[in-house]
Structures are given as structure tokens and as C-alpha cells.
Amino acid sequence: MVLNVSRGATDLTFTIPDLELAERLISDVESSMYRCFTHIGQNDVAEKQEKILGILRGQIYVKEQDLIFRLVKHFRGKQELQSQMLLLQQAGIIGQMKSAGEVMWRLLKEPY
């Protein structure tokens with residue numbers, strides 16, 4: 001019906017070709033529909049913090065240098081990354097220690 005009207009028709013009728021076209025259009029969109037809803041409720045900060053947590057999960061400790069190397073591309077720079085790490089540390093989600101002169105990070109608890 002919508003397809004018929006989009007071509008300038010004034011009557012609201014269904015045609016077999018319109019139904020077939022509608023089915024093809026919906027099938028094409030359906031395969032990527034999940035992407036419309038995956039980020040609902042998320043924001044840029046949460047997404048970036050999740051990247052930090054994703055590296056720390058399953059690791060006992062991760063060297064700060066390794067974290068920065070693996071994550072800096074997802075942030076506007078090293079300072080923004082360190083700022084997000086500090087926020088997670090202040091929230092008690094990640095912890096820091098020094099070993100043999102190197103700063104190490106680990107996941108203390110899941111944020112949720």
C-alpha cells in the first residue's frame with residue numbers, strides 16, 4: 001500500500017508485485033535490524049569503559065603500558081584513556097599495583 005502510494009497512486013490497494021517487493025525490502029533490513037537496538041541505553045563513556053574492562057577480564061594483571069597500547073586507538077588520546085581508568089578505579093571496579101617498577105591493573109569486580 002505504501003509502495004503503491006509512493007509511486008503516485010491515489011488508491012490504497014495492495015498488489016502482488018508490491019507485496020513481493022515489500023518482502024524483499026524487509027528481508028534485506030531484517031538481517032541488520034539487531035544493530036538498531038544494541039546500543040540503546042549505552043553512551044560513549046560506557047562503551048569506552050567496557051573496552052577497558054574487556055581487556056582486564058580473565059587476566060590476573062595487565063601492564064599499564066600494554067593497556068595503553070591496545071586501547072589508545074579507541075580514545076581521543078592517552079589522557080582520555082587514563083581519565084576513564086581513574087574513574088573506574090575510583091568506583092572500585094579496577095585496581096592498580098606496582099611490581100618491579102611497572103604499573104599493573106586488574107579487574108576487582110564487575111560494574112553490574
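Just so it is clear, none of the values below were taken in a lab; they were calculated from the coordinates. The structure presented is a predicted model; accordingly, all values stated were derived computationally and were not measured. When we count neighbours, we look across all protein chains shown, and the Cβ atoms used for this are built from the backbone with ideal geometry, even at glycine.
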Around Asn4, with a cut-off of 14 angstrom between Cβ atoms, what is the net charge of the other residues, counting Lys and Arg +1 and Asp and Glu -1? -2
Lys63: which aspartates and glutamates have alpha carbons under 13 Å from its alpha carbon, excluding same-chain residues fewer than 8 sequence positions away? Glu102
Can you list the trypsin sites (Lys or Arg not before Pro) in the stretch 55-112 that are in a DSSP coil and have 12 or fewer other beta carbons within 10 angstrom? Arg57, Arg76, Lys109
Please work out which option in [x] 102; [y] 163; [z] 111 gives volume of the Cα convex hull per residue in Å³ calculated from these coordinates, and answer with its label. [y]
What is the spin-label model distance, in nm, from Leu53 to Leu19 if the labels are put 7 Å beyond Cα along the C-beta direction? 4.8 nm
A correct Karplus calculation of ³J(HN,Hα) over the stretch 49-63, with 6.51 cos²θ - 1.76 cosθ + 1.60, θ = phi - 60°, whole Hz and x for Gly and Pro, returns 5, 5, 5, 4, 4, x, 6, 6, 4, x, 10, 6, 9, 10, 4
CD proxy, 222 nm, the chain: helix-only mean residue ellipticity via -39,500 (n - 2.57) per DSSP H run with n ≥ 4, per residue, nearest 500, stands at -15000 deg cm²/dmol
For a footprinting-style exposure proxy, rank Leu87, Leu107 by other Cβ within 10 Å, fewest first. Leu87, Leu107
Quick check on the exposure proxy: order Val62, Val103 from fewest to most C-beta atoms within 10 angstrom. Val103, Val62
How do Tyr112, Tyr61 line up, fewest other C-beta atoms within 10 Å first? Tyr112, Tyr61
